[in-house]
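Notes for the one structure printed next.
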Amino acid sequence: MEITNVMEYEKIAKEKLPKMVYDYYASGAEDQWTLQENRNAFSRILFRPRILIDVSKIDVSTTVLGFNISMPIMVAPTAMQKMAHPDGIHYLHGLRVVLRKLLPQDLGFAFSNSMLLLIQVYKDRNVVRQLVKRAEEAGFKAIALTVDTPRLGRRESDIKNRFALPRGLTLKNFEGLDLGKIDKTNDSGLASYVAGQVDQSLSWKDIKWLQSITSLPILVKGVITAEDARIAVEYGAAGIIVSNHGARQLDYVPATIMALEEVVKAVEGRLPVFLDGGVRRGTDVFKALALGASGVFVGRPSLFSLAADGEAGVRKMLQMLRDEFELTMALSGCRSLREISRNHIKTDWDFPHYFPAKL
């Protein structure tokens, strides 16, 4: 079957993966309202295309944290990729956002040949120090701090399936670290240790602590309100990732595309804002950028395409998103990312009717 859009990879992945694994990747918290809303909200944003513009040449490249990238589409940090495919990226909480084997330079994105480490601040700060030091030595270029998991959300599919790490897999990011007295030969012992290390006392002061142990720029992942966006600026964050953790934490929070503009307005251009959640089409990418995002992250599409067809699946998934995004730019009359503006879309909250100022 010829794959013609990103959503089709999920259908293939559902057929190929064990139910426990597919449900772990696909499900959200409780009623899964936010999970559905992450997608549905995009359909309520409409285009206002401009016409009679020369779009014979279109440039989709951009710059993120000083790094040139070929498109504003990046692979989101996701957990336990080896459940999807034996060649999956080998980290649990630390993800190499760009892996040359999977993500070639000609599709270069997410800091080109660089890497972004996703971490949580654990109770044992020595573990965090070791993770950060390892990232610096490996050439990582930035850190994304997850801030929306003081406790894990209630994911009923995982409860029903009694989710456990499949035999033969381990949490690679913690291998070789000094973890104190735990059973390092037992995968379940390691998993239990990591789960128990989630620090419910995490606060804004921990961002300052993290800055004190590394010179790498720190992005805050999990911001969905203007109030928190302003505080992130005050605490010196290098960027914000608007995310609701794939709708896996608190149900009935807004879709990330609905929260995006509020956050963008709050930071007033002082740092870049990225969108994570619900992106399945190039049109979604365009809408996010029109609302002020500097780029988008895709999570589940990378997992499902990896499960469906390995490296080739990830390559094609990214290429389809790029092609759709470029087509959307052309049909909207935009030749570069700089030309994408708020005037190119109409949203539910434009009242009473959205008419831009005269050009």
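The values are calculated or read from the model by the stated rules, or taken from the named source; none is laboratory data. Just so we're clear, the structure is a prediction, and the values are computed from it rather than from any experiment. Cβ placement follows ideal geometry from the backbone for every residue including glycine, while neighbour counts extend to all protein chains displayed. In case anyone asks, the SASA skips ligands and DNA or RNA and just uses the protein heavy atoms, side chains included. Shrake-Rupley method; radii C 1.70, N 1.55, O 1.52, S 1.80 Å.
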Simple spin-label estimate for ASP348 and ILE58 in nanometres, 7 Å along Cα-Cβ:
2.8 nm
At a 1.4 Å probe, what is the % contribution of carbon and sulfur to the accessible area of region 213-359?
54 percent
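In what sequence, highest mean first, do 40-52, 212-224 appear when ranked by Cβ atoms within 10 angstrom? Walk me through the numbers on the way to the answer.
Working: 40-52: 14.0, 212-224: 18.9.
Taking the mean over residues of other Cβ atoms within 10 Å, the ranking is 212-224, 40-52.
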Less than 20 Å apart at the alpha-carbon level, and either on another chain or at least 8 residues along: which aspartates and glutamates does that give for LYS265?
GLU227, ASP228, GLU234, ASP276, ASP284, GLU339, ASP348, ASP350
How large is ³J(HN,Hα), in whole Hz, for each residue of region 10-23 in order, when computed from phi with the Karplus curve 6.51 cos²θ - 1.76 cosθ + 1.60 and θ = phi - 60°, using x for Gly and Pro?
5, 4, 5, 4, 4, 6, 8, 8, x, 4, 4, 6, 4, 4
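Mind checking region 253-302 for GluC sites (Glu not before Pro) that DSSP puts in a loop (not H, G, I, E or B) and that have at most 10 other Cβ atoms within 10 Å? Please report the intermediate quantities before stating the final value.
Working: sites: GLU261, GLU262, GLU268; in loops: GLU268.
Within region 253-302, the qualifying GluC sites (Glu not before Pro) (loop, at most 10 other Cβ atoms within 10 Å) are GLU268.
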What residues qualify as long-range amide H neighbours of ASP59, i.e. H under 5 Å apart, gap of 5 or more or another chain, H built at 1.01 Å from N?
SER336
Ranked output for segments 66-79, 227-240 by mean other Cβ atoms within 10 Å, highest leading, reads 66-79, 227-240
